[in-house]
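Working notes for the structure below.
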Amino acid sequence: MAIRIGDLAPNFQQESTEGNIDFHAWMGKSWAVLFSHPKDYTPVCTTELGEVARLKPEFEKRNVKVMGLSVDPLKDHQGWSKDIEETQGQKLNFPLLADSDRKVAKIFDMIHPNADDTFTVRSVFIIDSNKKVRLIITYPASCGRNFSEILRVIDSLQLTDQHKVATPVNWKNGDDVIIVPSLQDEAEIKRLFPKGFKKLKPYLRITPQPNR
Ligand code: BEZ
């Protein structure tokens, strides 16, 4: 069964560049980004892993741990990580799963046989601190991901967990947000959004980001 948004992220145990990992225990009370890449010693993946290492403090600020995966063996991860540091100026600072038996790739449906029947595609899962899957995106092997977009989605998810808002097109942290249409009680709206709001339509009400 495919994993969908809202599902509990399955637990697994697998070896990694940081030792054997039990996924749920490793997450603890944090959120997680679990992402797969097709293959070690490939150019796009090299740039991606350097960028995720560079962004690690941004993930940490949001209480998010990051974990990569490919179906290559640990020995390859260890050799390749030297190339990542040399070419990207960033040491690998998060675990890379060595999923050579494809256990995790199969559970998370990261191999799409009509794209490639051996290697994982570029899957991204954002999982919250209750272990619930909150976002799934899949990219083809030829397209490096934009990890600023992943951070943007985390900001949106964490904001909308705390306030009765949704985030509009191209929203970035600090921009105006939308009051959820289900909120209709005027007294409650005044209480929750003391900075006021613009009502463009009964269902489209714009307000400054409440936690700014
Ligand atoms: C890459 O990471 O550069 C890559 C991996 C698999 C197919 C194409 C590109």
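The values are calculated or read from the model by the stated rules, or taken from the named source; none is laboratory data. Since this is a predicted model, take the numbers as computed values, not measurements. Cβ coordinates were reconstructed from backbone atoms using ideal geometry, including for glycine residues, and neighbour counts include every protein chain displayed. Note: areas computed on protein heavy atoms with side chains; ligands, DNA, RNA excluded. Shrake-Rupley method; radii C 1.70, N 1.55, O 1.52, S 1.80 Å.
Within region 25-41, residues that are on the phi > 0 side of the Ramachandran plot have Cβ atoms under 9 Å from residues that are of a type in the set (K, R) and away from the ligand (no atom under 13 Å from the Cβ) in these pairs: G28/K65, counting only partners at least 6 apart in sequence or on another chain. From the list K106, K199, which residue is loosely packed, with under 15 Cβ neighbours inside 10 Å, away from the ligand (no atom under 16 Å from the Cβ), of a type in the set (K, R) and part of a helix (DSSP H, G or I)? Within the list K106, K199, the selection yields K106.
Which of the residues that make up region 173-195 are assigned to a loop (DSSP other than H, G, I, E, B), loosely packed, with under 12 Cβ neighbours inside 10 Å and not hydroxyl-bearing (S, T, Y)? Those that are assigned to a loop (DSSP other than H, G, I, E, B), loosely packed, with under 12 Cβ neighbours inside 10 Å and not hydroxyl-bearing (S, T, Y): G174, Q184, D185, P194, K195. The sole residue among E58, E85, E48 that is open to solvent by 10 Å² or more (accessible area, probe 1.4 Å) and either within 16 Å of the ligand (Cβ to nearest atom) or closer than 26 Å to V133 by Cα (or both) is E58. Answer yes if at least one residue in region 138-146 is of a type outside the set (D, E, K, R), under 16 Å from V33 (Cβ atoms), assigned to a strand (DSSP E or B) and open to solvent by 60 Å² or more (accessible area, probe 1.4 Å), and no otherwise. Within region 138-146, one or more residues are of a type outside the set (D, E, K, R), under 16 Å from V33 (Cβ atoms), assigned to a strand (DSSP E or B) and open to solvent by 60 Å² or more (accessible area, probe 1.4 Å). Starting from residues that are surrounded by fewer than 19 Cβ atoms within 10 Å (Cβ to Cβ) and among the aliphatic types (A, V, I, L, M), keep the ones in region 22-45 and report whichever is nearest to the ligand (Cβ to nearest atom). Of everything passing the filter in region 22-45, V44 is nearest to the ligand (Cβ to nearest atom).
Among residues of region 112-127 that are farther than 12 Å from H37 by Cβ, those with a beta-carbon under 8 Å from a residue that is open to solvent by 60 Å² or more (accessible area, probe 1.4 Å) and within 11 Å of the ligand (Cβ to nearest atom) at least six positions away or on a different chain give the pairs A115/P140.
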